[in-house]
1. Select from the range 304-330 the residues that are assigned to a loop (DSSP other than H, G, I, E, B) and in contact with a helix residue (DSSP H, G or I) (Cβ under 8 Å, 6 or more places away or on another chain) and list them in ascending order.
2. Might you check whether a residue that is within 19 Å of LEU46 (Cα to Cα) and surrounded by fewer than 24 Cβ atoms within 10 Å (Cβ to Cβ) occurs anywhere in the range 337-348?
3. Scan the range 180-201 and tell me whether some residue there is closer than 19 Å to LYS76 by Cα, more than 13 Å from the ligand (Cβ to nearest atom) and touching a helix residue (DSSP H, G or I) at 6+ places or on another chain (Cβ under 7 Å).
4. Mind listing whichever residues of the range 247-293 are buried (at least 19 other Cβ atoms within 10 Å of the Cβ), more than 11 Å from the ligand (Cβ to nearest atom), small (Gly, Ala, Ser) and without any contact (Cβ under 8 Å) to a residue 60 or more places away in the chain?
5. Going by the conditions given, is PHE221 modelled with pLDDT under 90 and within 16 Å of the ligand (Cβ to nearest atom)?
6. Name the pairs whose Cβ atoms lie under 9 Å apart, with the first residue in the range 337-361 and acidic (Asp, Glu), the second away from the ligand (no atom under 16 Å from the Cβ), and 6 or more positions between them or separate chains?
7. Taking CYS108 as meeting all but one of (1) within 15 Å of the ligand (Cβ to nearest atom); (2) in a loop (DSSP other than H, G, I, E, B), write down the number of the exception.
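The values are calculated or read from the model by the stated rules, or taken from the named source; none is laboratory data. Not measured: the values here are computed from a predicted model. Every residue, glycine among them, receives a Cβ derived from its backbone with ideal geometry; neighbour counts consider all protein chains shown.
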Amino acid sequence: MNIGNHYIGLIEKYRDRLPVSKDTRLISLGEGATPLIRLQNIPRALGKQVELYVKFEGLNPTGSFKDRGMTLAVTKAVEAGSGAIICASTGNTSAAAAAYAARAGIACFVVIPDGKIALGKLAQAMIHGAVVIQIQGNFDAGMALVKQVANEAPVTIVNSINPFRLQGQKTAAFEIIDALGAAPDFHCLPVGNAGNITAHWIGYCEYSSVSGKNVTAACTFCHGQCAFVHGAVAISRPKMVGYQAAGSAPFLRGAMVDNPETVATAIRIGHPQSWDQAWKVKEESGGWFDECTDEEILAAQKLLAGKEGVFCEPASATSLAGALRDIKTGKIPEGSRVVCTLTGHGLKDPDTAIKQSKDPLHKVKAELAAVKKAILENMPR
Ligand code: F0G
């Protein structure tokens, strides 16, 4: 129950567009309502006239966009009487699953790759009390195992193949339209399993229709099921642009990648679960896929942190890295309004942040003269 104007989460906010009833017990941690921050210093330095925003999904309760889908997936699992959830994860899904399971009072099993999970994410799954199963294999192997387990045991899968995940995640597109009054021209996202890019497209298709200009378009994902679209029709929708890490870029290769590698461990995925859907999103929206090298990803992470004060994790910076390149080349033309999703918070992966920071620490004696010297030597001239 909402009291006054107290924001209690995205299911309550967008209740009429989500599959819940008035009797559904909502499992929520106040997710959603993340800031859409207009970048100032980076576009100025670029010398390009673009309206560039980042949607900082790292400010969700467990520090990533996964909370949007998890609130609904766990709500529906509980409603269906499930006592346990399971997921394979590169880290963020497991953190969200563990937190929402704790909130719901149900069990949580997470299957994570050996050694390639950022420290913060592992800490989250552990402190929330999930059973953490670390396999000697990568995410794709974990995903295959989780699907088999869920066939044989009474556990609900909360990976993005659970349709409620995408339904929750579509609300990010609603928020962007609410904030801007229209869809952006381009929406850039990092792509792993491609669930999030698919969810955003569902959201844009549904929500743009409500604003009511007469352009006939329908979303092919809901098959006529979504509450608002059909009958009303769509106004403009963005071109959806998906960027992958070069070592884990099956959409660029046009085929699955068996041994994906990247510093952006969150998107170290070679066998995307939403493969067909993502190709459809690209075609329907007129967007494209591209890849960024690890160097480009880390440079964008650092640029954003150093020039705009926004700290996202490496995978998240992939959206900005790609967008900046496409703005520079003019593929994203001047005059465009662009949104980049920053999928997770930088604190998830402190090791990578510290490793790539030059001049990280000045170790000096605890004396005035030494501290003064360190300050004077580093004062901007
Ligand atoms: N960015 C971050 C920070 C992620 O954690 C993920 C996926 C993505 C982007 C890609 O989103 O899969 O919907 O295309 N992380 C999953 C996980 C795989 O297990 O946490 P996608």
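1. Matches in the range 304-330: VAL310, PHE311, GLU313.
2. yes
3. No: the range 180-201 contains no residue that is closer than 19 Å to LYS76 by Cα, more than 13 Å from the ligand (Cβ to nearest atom) and touching a helix residue (DSSP H, G or I) at 6+ places or on another chain (Cβ under 7 Å).
4. ALA249
5. Answer is yes for this residue.
6. Qualifying pairs under 9 Å: ASP359/ASN378.
7. (2)
Residue-wise test of (1) surrounded by fewer than 24 Cβ atoms within 10 Å (Cβ to Cβ); (2) outside any loop (DSSP other than H, G, I, E, B); (3) on the phi < 0 side of the Ramachandran plot; (4) touching a His at 6+ places or on another chain (Cβ under 6 Å).
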| residue | (1), (2), (3), (4) |
| --- | --- |
| THR90 | no, no, yes, no |
| ARG103 | yes, yes, yes, no |
| GLY115 | yes, no, no, no |
| LEU122 | yes, yes, yes, no |
| ILE133 | yes, yes, yes, no |
| PRO154 | yes, no, yes, no |
